[in-house]
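One structure below.
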Amino acid sequence: MFLAETNPLNDSALIFPALECFHIVGFAICVGTIGLVDLRLLGVGLNRQKTAELAQDVAPWTLVGLALILLSGPLMFSSDPDMYYLNPSFQIKMVCFALALIYNYTIRRRVALRGGTGAGAKVVGAVSLLLWISVIFGGIFIAFTGQM
Amino acid sequence: MLTFAQWVQLTGVATAIRELWLPYPIILSLHLSFIALAAGMILVTNLRLLGIAMRKWPVADVIDQLRWPKRIVFLLIITCGLLLASSKAEEYYYNVFFWTKMSLLGLIAVHGLAFRGSVYQKAAEFDRAGRIPGKAKLAAALSLVLWIGVAIAGRGIGYIEPPLDKLHAELHPVSIEQGR
């Protein structure tokens with residue numbers, strides 16, 4: 001396993017910020033495309049499109065975002081594993097991320113592809129948005145709980 | 001400008017955001033959540049103009065339906081951004097990434113004005129003609145590059161150490177002690 005002291009990532013001060021940039025652009029693409037479908041489920045935005053077709057159209061881009069996140073995230077983690085592992089915000093973020101991901105590819109996917117409307121679809125869209133927003137909160141708070 | 005920054009920073013709201021532990025990260029998280037939503041809308045609009053995604057949909061459909069959601073999300077992003085910047089206004093005055101980000105946002109405003117009439121309001125014509133002109137594709141590509149630049153510059157802001165010797169320590173000793 002990586003240790004912070006022996007990790008070549010920490011040899012250059014520029015690698016971590018560069019990884020962060022990939023992480024941020026990736027999360028914006030991933031959450032942004034998921035958010036478009038969630039907003040559609042809530043009846044906001046691209047309403048002239050069928051939910052199922054919108055979901056299928058943006059799905060590859062969600063994967064592009066996810067790939068960027070999953071490539072950069074673990075590398076960032078490896079730069080200082082103890083700090084992240086022990087950080088409560090990071091732990092919450094990972095739990096929310098796992099939940100959001102599972103939810104996205106099970107319940108929400110099924111509802112979106114069925115083209116659901118009405119109160120049920122709205123709840124599904126709102127839950128998805130809230131899950132992803134909690135991931136973002138968890139990520140931001142890592143930097144603010146570390147110094148405690 | 002510096003005087004203005006110092007004044008803004010001493011207003012009640014800015015002081016509260018700076019000196020309490022919770023408001024700053026909460027507003028920052030909201031800022032980023034709204035940015036993610038905006039990013040989805042911007043990405044889809046530009047990919048459609050480039051002919052890469054959503055090709056089944058009329059360009060006008062995509063642009064028109066996202067116009068108001070984008071405006072609302074931008075308003076929320078700017079509100080959060082102003083609160084964040086005001087709480088550390090004096091520090092940001094010396095922050096090169098802050099000014100890079102503001103300059104890129106300025107360029108985005110110019111981009112919007114430059115292409116508004118010839119691209120964003122002509123989407124229905126592209127649909128009737130069945131092809132998207134090079135100018136529209138250029139606008140879309142430039143928009144993507146500029147927004148990615150804004151995201152990177154925004155992250156960069158947090159990497160600049162505040163120049164403690166230049167800040168008015170006697171005005172707000174608390175933030176100096178915290179060093180952030």
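Kindly write out, for the stretch B:71-86 in residue order, the coupling ³J(HN,Hα) from the Karplus curve 6.51 cos²θ - 1.76 cosθ + 1.60 (θ = phi - 60°), rounded to whole Hz, with x marking Gly and Pro.
Along the stretch B:71-86, the couplings run 4, 5, 5, 4, 4, 5, 4, 5, 4, 4, x, 5, 4, 5, 5, 5 Hz.
How many Å³ per residue does the convex hull of the Cα positions in the stretch B:2-178 occupy? Could the numbers behind the result be given before it?
On the way: hull volume 19.9 nm³, N = 177.
Measuring per residue, one finds 112 Å³ for the Cα hull of the stretch B:2-178.
For peptide A:43-54, compute the average count of partner chain beta-carbon atoms within 10 Å of each residue's beta-carbon.
Average neighbour count from other chains, rounded to a whole number: 4.
I'd like the orientation of helix A:118-145 relative to chain A: the angle between its Cα long axis and the longest Cα principal axis, in ° from 0 to 90, rounded to 10.
10 degrees
Kirkwood hydrodynamic radius, computed over distinct alpha-carbon pairs, for the stretch A:10-145: how many Å, to one decimal?
15.7 Å
For n ≥ 4 DSSP H runs only, could you compute -39500 (n - 2.57) per run for chain B, divide by its residues and tell me the 222 nm figure to the nearest 500?
-24500 deg cm²/dmol
Show me the ranking of peptides B:73-83, A:53-63, B:156-166, A:78-88 by mean Cβ neighbours inside 10 Å, starting with the highest.
My ranking of the peptides, most packed first, is A:53-63, B:73-83, A:78-88, B:156-166.
Could you check the simple spin-label distance between B:Ser118 and B:Arg55, using points 7 Å along Cα→Cβ, in nm with one decimal?
In this crude label model, B:Ser118 to B:Arg55 measures out at 2.6 nm.
Taking each residue in A:28-40, count the Cβ atoms of any other chain within 10 Å of its Cβ, then average. What number comes out?
6
If I take every Cα pair under 8 Å that is 6 or more residues apart in the stretch A:10-145, average their sequence separation and divide by the length, what percent do I get for the relative contact order?
After rounding, I find 34 percent.
Rounding to the nearest 20 debye, state how big the charge dipole of the stretch B:2-178 is about its Cα centre with +1 on each Lys and Arg Cβ and -1 on each Asp and Glu Cβ. Write down the numbers at each step before the final one.
Working: 17 positive and 11 negative charges, 251 e Å.
The dipole magnitude comes to about 1200 debye.
How much length is gained on full extension from B:Trp21 to B:Ala141, taking 0.36 nm per residue of separation minus their Cα-Cα distance?
39.2 nm
What ranking, highest mean first, results for peptides A:37-49, B:50-62 when packing means the other Cβ atoms within 10 Å averaged over each residue? List each step's numbers first, then the result.
Working: A:37-49: 21.2, B:50-62: 17.2.
Taking the mean over residues of other Cβ atoms within 10 Å, the ranking is A:37-49, B:50-62.
Which length gain, in nm to one decimal place, applies between B:Leu2 and B:Leu75 when the Cα-Cα distance is subtracted from 0.36 nm times their residue separation?
On the way: separation 73, 0.36 × 73 = 26.28 nm, distance 2.54 nm.
Fully extending the segment from B:Leu2 to B:Leu75 adds 23.7 nm.
Taking the Cα atoms of the protein assembly as shown, report the difference between the largest and smallest coordinate on each principal axis, in whole Å and largest first.
64, 47, 41
Given Cβ point charges of +1 (Lys, Arg) and -1 (Asp, Glu) and nothing else, what value in debye, to the nearest 20, does the dipole of chain A about its Cα centre take?
I would put it at about 1000 debye.
Computed from the coordinates by the stated procedures, all read-outs in this text should not be read as laboratory data. Nothing here was measured: the structure is a model prediction, and the numbers come from that model. Quick reminder, even Gly has a Cβ in these numbers, built from the backbone with ideal geometry, and neighbours come from all protein chains shown.
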